[in-house]
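Take a look at the structure set out below.
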Amino acid sequence: MNDTQPILDVDALHVAIGEREILRGATLALRPGSLAVLMGANGSGKSTLGLALAGHPRYRVVGGAARLGGADLLAMSVEARARAGLFLSFQAPPDIPGVKNNLFIRTALNAVRESRGEAPLDAYDFLGQARAAGKSIGLPDSMLGRPVNDGFSGGERKRNELLQLALLKPKVAVLDEIDSGMDVDGVRAVVELITRLRAEGTAFLIVSHYLQMIESLSPDVVLRLADGRIAEQGGIALAHEIARTGYARAAQVVGV
Amino acid sequence: MAVDTATGDALAARHTLATGGWIARKSESFRHLPPPAVDVWLGGESEHATLAHEDGWQLATVSGTPPDAVIAQRLDATDPAERATLLAGCDVVEGDEAAAFVWAHRALLRRGLRLAIGAGESFVRLDRVALCRVEAPLLVLDVAEGAHCVLHEAHALAHAAATVQNLHVHIRLARGARLQHLRHVPAAADGQIAHHVHVTLAEDAHYAQALLAVGGRYHLQRHVVRLEGARAAARIDGVLLASGQDAIEQQVLSHHRAAHTRSGAEVLALAADASRVVGNAWTQIAERCDEADARQKLVGIPVSGHPRLVLRPHLEIHHDQVQAAHGATVGSLPEEAIFFARQRGLDASAAKALILTGMARAALSRGVDDEALPDMLRLDAALADAVGSHLAIGEDAHG
């Protein structure tokens, strides 16, 4: 696959929770190294899109298609999607009592490495990489020895998501409000990490309402999700317009 | 014909069993998981006559423990004088619903280990191997005033086919003594195990037990804690893993007998297949126990299949100025955490095993003072191994 072909291709995706259809024909494509910002009112289906792509069992795909690197994403198990290169940062990452962060991340990283035919990282090498990555995003070493997200603040949880992103180096990352709960240093770390990974070829779908961060990310495209589909797309000007007029006003402008 | 007092004691125990009978099916403590009949615990003569000179306990002290901190006596219960020494202070309590287990134990008792833990810091490891098919081991532990001890007790029963073991442990903590007691009891699928741990605490004494109990056709872990001195504190944290046709019960009976005493009982039961698990916590706070504090938390999680989980918290309070809380929850697997782990690349069974191991670790670590202790004892490896094999059995059963 060359860089002009999308690494992620979502075509008319319909997703339901129970009997309620949340996504009703969402379509988007991401090329390697590209960045799309997904905006939309609360309840418009932004998180649903990420969770459905990742294979959350509560989110039932009832129509459409999604391909990752040309392969049928929707036919894969949750872990196969992750191993194929899809990373989802959670809006509210769960805690896992009793499982140390470094053990959890190393186990995950080695599962991904094994699927790629790479040798597993031993504890020593992993710790070196994890400490370096943690330092770059402002996560203290001590967080590696604590249970996953257990007792972490909102910002610490998000930094921990970034740590996993930095170590897993996915092909496509969907970051769901990664900036929420972050202080200014945290947001700066988000931007720096995304910029670095983009340069290495990772494509990003960023869900955010935070204009300053969106501007710093220099997105290739801004998408507005409404009524379960991409209602509008444009450049950074669309993000400015939404910030100025709000989602209700934006909907009137384009007659959705 | 004259008999010596040791033989007489054993015969008297058999007589008491014969006349008093075995544990009644309607017994409140045992009604959800009635123990196997008395004959199982007594066995035939050929089943417990071997290795009469061994007691099965392997004792080791970890470096840093002063040489004179632990005094061990290996005593022969068939010798009248040694039997008297061995059983000194191990009296049968009036009205004990498990008294029949005591008589069965006395009838079969051959040898026992008595340990005296001196003042200062000590770290003791006790490993026990089953010596014969039906046995009644005994451990008596006296912890001196002000002593701080870590005791790691591990049983090698998982590969001892069809073992029947009626173990009694008596622990007495003198004023201000502290004991952290980590117990690992993996039973074979056809093993029948009954462990009775009796703990008595003087004032300001602290006792904490972390128990990992795995498997067994019948597996009872019964803990009776007597808080006799003011400000004494005890907590028992148990993780029970059951699968296949396993039947496991943990009973924690706490008696508050003095003011400002604290007790805690937490049970985490992870059950799969057609197993049966009972968590039974009973706490009694006597009169005049000002500011006593009692907590009970029983959690059961069906991991797969259709296990039967019974959780029974019970408080009996005879005084006003106390704090007490109890709770019992049959929950489900943390599906969001499992999805999260799978999203990071772990397959479903690895994610489940990692998360259940973590839950077990968290449960066992809560009562341990020293954060480094679980690592030192390689608790994670033991838990991962136990949970892994536990889940593997669960998956095999479902093809």
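Every number here is computed from the coordinates shown, using simple stated rules; none is lab data. Worth saying up front: this structure is predicted, and the values here are computed from it rather than measured. FYI the Cβ positions are ideal-geometry reconstructions off the backbone, even for glycines, and counts take in every protein chain you see.
Kindly provide the set of residues from the stretch B:77-88 that are more than 12 Å from B:R114 (Cα to Cα) and either among the acidic types (D, E) or part of a loop (DSSP other than H, G, I, E, B) (or both), ordered by number. Within the stretch B:77-88, B:T78, B:D79 meet the criteria. Reported count of residues in the stretch A:146-192, each being under 22 Å from A:T107 (Cβ atoms) and assigned to a helix (DSSP H, G or I), is 13.
Do we find that A:D183 is away from every other protein chain (no Cβ under 14 Å), more than 24 Å from A:E79 (Cβ to Cβ), charged (D, E, K, R) and buried (at least 20 other Cβ atoms within 10 Å of the Cβ) in this structure? Taking the combined requirement at face value, the residue does not satisfy it.
Is it true that A:S115 is under 22 Å from B:R361 (Cβ atoms), without any contact (Cβ under 8 Å) to a residue 40 or more places away in the chain and within 14 Å of chain B (Cβ to nearest Cβ)? So A:S115 fails the test. Checked against (1) within 14 Å of another protein chain (Cβ to nearest Cβ); (2) assigned to a loop (DSSP other than H, G, I, E, B); (3) under 14 Å from the mean Cα position of the chain (by Cα), A:G33 passes all but a single condition, namely (1).
Of the residues making up the stretch B:342-352, those that are surrounded by 23 or more Cβ atoms within 10 Å (Cβ to Cβ) and either more than 7 Å from chain A (Cβ to nearest Cβ) or touching a residue at least 40 places away in the same chain (Cβ under 8 Å) (or both) are B:A351, B:K352.
In the stretch B:357-375 there is at least one residue matching the filter, namely being hydrophobic (A, V, I, L, M, F, W, C), farther than 22 Å from A:N149 by Cβ and in a helix (DSSP H, G or I). Which count do you get for residues in the stretch A:1-30 that are more than 16 Å from the chain's Cα centre (by Cα), assigned to a strand (DSSP E or B) and surrounded by fewer than 18 Cβ atoms within 10 Å (Cβ to Cβ)? Final tally of qualifying residues: 8. Scanning the stretch B:273-290 for residues that are in contact with a strand residue (DSSP E or B) (Cβ under 7 Å, 6 or more places away or on another chain) and either among the charged types (D, E, K, R) or within 14 Å of B:G305 (Cβ to Cβ) (or both) yields B:S275, B:R276, B:V277. For the stretch A:43-60, the criterion of being at the interface with chain B (Cβ under 10 Å from one of its Cβ atoms), among the hydroxyl-bearing types (S, T, Y) and surrounded by fewer than 23 Cβ atoms within 10 Å (Cβ to Cβ) is met by none of the residues. The number of residues in the stretch A:208-233 being in a strand (DSSP E or B) and farther than 10 Å from A:V37 by Cα comes to 6. Restricting attention to the stretch B:188-197, the residues that are touching a residue at least 40 places away in the same chain (Cβ under 8 Å) and either in contact with a Ser or Thr (Cβ under 6 Å, 6 or more places away or on another chain) or crowded, with 22+ Cβ neighbours inside 10 Å (or both) add up to 2. For the stretch B:304-339, a tally of residues being part of a strand (DSSP E or B), among the small types (G, A, S) and buried (at least 16 other Cβ atoms within 10 Å of the Cβ) returns 2.
Note on the stretch A:63-111: residues that are over 16 Å from B:G345 (Cα atoms), more than 13 Å from chain B (Cβ to nearest Cβ) and either assigned to a strand (DSSP E or B) or of a type in the set (V, I, T) (or both) total 7.
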